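Quick notes on the structure that follows.
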Amino acid sequence: MLGTYGFLGWIIIGGLAGGLAKLIMPGKDPGGCLVTIVLGIAGALLAGFVGNAIGWYHQGQAGGFIAATLGAFIILLLYRMLVRRRRR
């Protein structure tokens, strides 16, 4: 699943994707920077696995980083909605 990047590569890509997702979706995050990075890693892994399984892109293509950023954005959005709902 991790392909040529390896686990450390996906952590780095996930951190970058999480940071980019945070820039795209400004505002206060309930968990801070560390949670954003962890969510970015989760989004990168999820998007990398799904994108490769479906055949949208292959390892090393730019589509992987775009998908990782989109995955991080979606997971961050869902996390924000979940935390806001709990606080009410």
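The values are calculated or read from the model by the stated rules, or taken from the named source; none is laboratory data. Being a predicted model, the structure only gives us computed values, none of them experimental. Heads up: the accessible areas ignore ligands, DNA and RNA and are worked out on the full protein's heavy atoms, side chains in. Shrake-Rupley method; radii C 1.70, N 1.55, O 1.52, S 1.80 Å.
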_Being open to solvent by less than 20 Å² (accessible area, probe 1.4 Å), at pLDDT below 80 and within 11 Å of the chain's Cα centre (by Cα) is the requirement here; does G40 meet it?_
yes
*Just give me the residues in segment 8-30 being open to solvent by 100 Å² or more (accessible area, probe 1.4 Å) and assigned to a loop (DSSP other than H, G, I, E, B), in sequence order.*
K28
